[in-house]
Structure formats: C-alpha cells, structure tokens
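Beneath this line is the structure, given in structure tokens, with notes to follow.
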Amino acid sequence: MRKRMMMLMVLAIICLAALLISCTPAAEQCSVAADCVPAQCCHPSGAVNKANAPDCSGVLCTMSCEGPLDCGQGQVKCISHSCSVVPLA
C-alpha cells in the first residue's frame, strides 16, 4: 500500500511538471538563455525563442531608452523553461 502511494505521488509530480511546462506558449519555451532573444525589434518589452525572433532587417529604431532591455537595463533569460526579460538591479 505504501509503495503504491509513493508511485501515485511521483506520477502526480511528473504530471504537474508537464502541465507547468506546457502552459508556456511555444514561442516562449526555452532550455537555456541562449535560446531566447528580444521579442520586438525596437524597445523590446518581451522575449521569445530564436525560432520566433522578429525579422529586424531594414528596421530603424530610435536611440532613446524606452524598453526594459534598452541601454543595458535588462537581460533576456530562460527562467523555468520560459523566455523572460529580467531587469538588472
């Protein structure tokens, strides 16, 4: 009986982990920070995986510091299998 309870608990944990990972949109899923890039060409406020990177060829941006990644204010990282913008302290 005890062994069965342990097996059920392990199965529940595996299912919960799979559910949490599957809740992340495919465009934002990652394994490491190198999988992630800014989601917008100018003054990015989000992050996506490289496969969903915007085409910024021919796009001109202002030099103003508006977004959370502008002027070294933040970094793109992979946190809990999701591409995220992390502000620097």
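Extension gain for M1 to Q40 (0.36 nm times residue separation, less C-alpha to C-alpha distance): 8.6 nm.
Give, in nm to one decimal, the length gained when the segment between A27 and K77 is fully stretched (0.36 nm per residue of separation minus the Cα-Cα distance). Length gained between A27 and K77: 16.6 nm. With Cα atoms as the point set, the radius of gyration and Dmax of the stretch 41-80 evaluate to 11.1, 33 Å. Taking amide H as placed 1.01 Å from N in the peptide plane, Q29 has its amide H under 5 Å from the amide H of N49, C83, each at least 5 places away in sequence or on another chain.
Every read-out reported here was derived from the displayed coordinates using simple, explicitly stated rules and does not represent laboratory data. Everything quoted here is computed from the prediction, not taken from an experiment.
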